[in-house]
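Undergrad: I have a structure here, written as structure tokens, and I will follow up with some questions on it.
Rule-based calculations on the coordinates, nothing more; no lab input. If you're wondering where the values come from, they're calculated on a predicted model, not measured in any experiment. No Cβ is skipped: glycine too gets one built from the backbone with ideal geometry, and neighbour counts run over all protein chains shown.
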Amino acid sequence: MSAGRTNPEFQRKLAKLRLKIHPILSLHTGRSAPEFPATLLHFNLLTEAQLDELAHYYSQCCQDETTASYGKSMDWDASYYDEYFGEGKCFRESRRVWVKRRRFGRFIGMRGCDTPVDEVQKRLSWMVERLEEQLEDVKREDRKSREAWRKVGERWWGT
């Protein structure tokens, strides 16, 4: 089939995938990341390892003095990705990569990469669960400490 008789929708999609993406420069180096996608097609083909490297390059996974200085944040939380999207969890690995790609897209200013409300709700629920677990750990440690001091008091005072 000749290019002139190709489906027009397909041609529009190809043209869209060829769109160039202007790179974000690192505040540390003044250069774009080596893995930075040159086109929309490259963006859609980013692997999880590449997305993690991009987050690291732009100081989004390990906070430093430049993390909040970019126009948008990736809101990169490795523990959330590992625990919430991990083996046997709510989402498959492909969903985790999709979320990371969307967050990177938001970071570089792409339209349509806003966080869906259901994802925000799920993340808040996950955070509440983590806080409740931490509170239980603190209470358990407090009980152990009180019990240890009670035993010290019994030995000291003979009660």
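Undergrad: Scan segment 105-155 residue by residue and report those that are out of contact with any Lys or Arg (no Cβ under 7 Å at 6 or more places or on another chain), touching a residue at least 60 places away in the same chain (Cβ under 8 Å) and of a type outside the set (A, V, I, L, M).
TA: Selection gives Gly105 alone.
Undergrad: I need the full set of residues from segment 41-65 which are more than 19 Å from Ser94 (Cβ to Cβ), surrounded by 16 or more Cβ atoms within 10 Å (Cβ to Cβ) and hydrophobic (A, V, I, L, M, F, W, C), in order please.
TA: The answer is Cys61, and nothing else.
Undergrad: I'm trying to understand the selection: among the residues of segment 111-159, which are of a type in the set (Ser, Thr, Tyr), under 30 Å from Asn44 (Cβ atoms) and in a helix (DSSP H, G or I)? Break it down into steps so the answer makes sense when it comes.
TA: Within segment 111-159, the subset of a type in the set (Ser, Thr, Tyr) is 115, 125, 145, 159.
From what is left, the residues that are under 30 Å from Asn44 (Cβ atoms) are 115, 125.
Answer for segment 111-159, where residues must be of a type in the set (Ser, Thr, Tyr), under 30 Å from Asn44 (Cβ atoms) and in a helix (DSSP H, G or I): just Ser125.
Undergrad: Report, by residue number, each residue of segment 3-35 that is small (Gly, Ala, Ser) and surrounded by 10 or more Cβ atoms within 10 Å (Cβ to Cβ).
TA: First, pick out the residues of segment 3-35 that are small (Gly, Ala, Ser): 3-4, 15, 26, 30, 32-33.
Selection gives Ala15, Ser26, Ser32, Ala33.
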